[in-house]
1. Go through (1) in contact with a strand residue (DSSP E or B) (Cβ under 9 Å, 6 or more places away or on another chain); (2) within 30 Å of F249 (Cα to Cα); (3) open to solvent by less than 60 Å² (accessible area, probe 1.4 Å) one by one and return the number of the condition F377 breaks.
2. Within the range 184-228, take every residue that is of a type outside the set (A, V, I, L, M), farther than 24 Å from L137 by Cβ and not in a loop (DSSP other than H, G, I, E, B) and give me the one that is most open to solvent (accessible area, probe 1.4 Å).
3. Could you list, in sequence order, all residues of the range 122-136 that are without any contact (Cβ under 8 Å) to a residue 40 or more places away in the chain and assigned to a helix (DSSP H, G or I)?
4. What are the residue pairs meeting all of these: first residue in the range 185-214, first residue acidic (D, E) and at pLDDT 95 or above, second residue in a helix (DSSP H, G or I) and open to solvent by less than 40 Å² (accessible area, probe 1.4 Å), Cβ atoms under 9 Å, and 6 or more apart or on different chains?
5. Which residues, taken from the range 43-77, are of a type in the set (S, T, N, Q) and farther than 21 Å from S97 by Cβ?
6. Which residue out of I393, I398 is of a type in the set (A, V, I, L, M), near ligand 1 (Cβ under 9 Å from one of its atoms) and in contact with a Pro (Cβ under 8 Å, 6 or more places away or on another chain)?
7. Of all residues in the range 358-374, which are in contact with a helix residue (DSSP H, G or I) (Cβ under 7 Å, 6 or more places away or on another chain), open to solvent by 10 Å² or more (accessible area, probe 1.4 Å) and either within 13 Å of ligand 1 (Cβ to nearest atom) or of a type in the set (F, W, Y) (or both)?
8. N44 is checked against (1) surrounded by fewer than 16 Cβ atoms within 10 Å (Cβ to Cβ); (2) without any contact (Cβ under 8 Å) to a residue 60 or more places away in the chain and fails just one. What number does that condition carry?
Amino acid sequence: MKHHAIATILDKCPTPSEILVKGWVRTFRGNRFIALNDGSTLRNLQCVLDFENTESSLLKRVTTGAAISVIGTLVESQGAGQSVEVQVNQLEILGDSDADLYPIQPKKHSFEFLRENAHLRVRTNTFGAVMRLRSALAFSVHRYFNENGFFNLHSPIITGSDAEGAGELFRVSQLDPNSPPRDEHGKVDFSKDFFGKETHLTVSGQLEAETYAMALGKVYTFGPTFRAENSNTARHLAEFWMIEPEVAFMDLAGNMDLAEDFLKFVIKDMLENHSEDLAFLEDRLIQEDKSKPERDRNGMTLTDKLKFVVENNFTRLSYTEAIDILKNSKPNKKKIFKYPIDEWGADLQSEHERYLVEKHFETPVILFDYPAKIKAFYMRLNDDQKTVRAMDILFPGIGEMVGGSQREERLDVLESKITAMGIPHQDLDWYLDLRRFGTAVHSGFGLGFERLVMFVTGMSNIRDVIPFPRTPGNADF
Ligand code: 4AD
Ligand code: MG
């Protein structure tokens, strides 16, 4: 007999019919009702035992967390709460679970506790819903680019170029840390290392994606990236997944259009095709809100927030305009900002970004034309000689969701910027080749996948939207 997923049974199997189902026991009530979950859906399948004809030794083994197999008849349910249920004919315990030791009890656990049990937390309703949505979003990302003529590129994870300057790098080395080979100056001799040079984990696939865009036209990468920055915030991970499209012959305006269209597509897809998990998470947030003081409540439900993004234009404004707004804002004048804004050129902190998005505009915001001094070397210099064609997309509750730019395509300008930043030219010779042979306007952006998952699921800590979070001091599992 073929076994079916609970999602299939609940949505497609006729009543009455004989079915085989396998899953994990969520609860067992009155020696009679098993709530069975197999992860295919948020919904449990109610399995009804004829306990008078079941061995008591078997009944005792039906415990929360146990893996079981059930053969029975799917019928219309007698009770409220579910439309169908299974009358169990045959019950088999596949794997016992000691109820006293199993960490995931049928009650509310704190997210902190569940993080320590990240190998089991996906068996809860909340994490099941989050991780199913994460999977759906990843699929949607690939679908968007595939349907829009992009090629997927697997950029390298181990990199020999550390020029991006996006953050601190994790070293990849095979040298013996206790007695590494040394050169005549006493410095560690990386020419003796595995790759014959210093290597690191990548912070971004952008530079490699540029090379492919300048041949295949429209490409994107979607892979893990690594940053050893010591920021212990609810929005930073040391290992996160980044989506990076790169497009030849596209300028900054086109880049903004692409990012906005892409974000709307994937969010709309979740609203239209994954409403069950979204509804559960929305309800969770409503309950959580009730325990908060009035002024800290959300006001908007999760689906309202998602619909709002899909249905409204993102506000686009220059960095210079944003600075004017921030300078004259109440929190700046009343010195509520931790980092006061007093002059043009200041780097924006997340408190400023969130003020613009959540208080001033109340829409997602695209900021562009940032001061060259606070942005990466590869961004195209504007004619004013002091700003670059950069863009950041800021989202409510998240802050920076996307960072991107039009790239500097002029060889001489790029060379002088590389010199000014003290980067050895030979390290970037291959990158400069793109400007030597058939250079053209091109642009792209990077979107932190976990920040997108946070926004869609309404989860407030980035550690709760990736299966096994890596943060300073934490690399368990
Ligand atoms: O703004 P970033 O540093 O941009 C780049 O790396 C460019 N090379 C992208 C490009 O143009 N192709 O990072 C892009 C995005 C950020 O906007 C943010 O969403 C996310 O990556 N991000 C992080 N997410 C989680 N944890 C971290 N430590 C992150 N750092 C950046
Ligand atoms: Mg950025």
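1. (1)
2. Residue satisfying both the conditions and the ranking: K192.
3. Of everything in the range 122-136, just one residue is without any contact (Cβ under 8 Å) to a residue 40 or more places away in the chain and assigned to a helix (DSSP H, G or I), namely S135.
4. E210/Y431; E210/L434
5. N53, T73, S77
6. Working: I398 fails: in contact with a Pro (Cβ under 8 Å, 6 or more places away or on another chain).
Residue meeting the stated conditions: I393.
7. F368
8. The one condition N44 does not meet is (1).
The values are calculated or read from the model by the stated rules, or taken from the named source; none is laboratory data. Treat the numbers as computed from the prediction; the structure is a model and nothing was measured. Positions of Cβ are generated from backbone atoms using ideal geometry, with glycine treated the same way; all protein chains shown enter the neighbour counts. The protein model used for the area step is the full one, side chains on, heavy atoms only, and it has no ligands, DNA or RNA in it. Shrake-Rupley method; radii C 1.70, N 1.55, O 1.52, S 1.80 Å.
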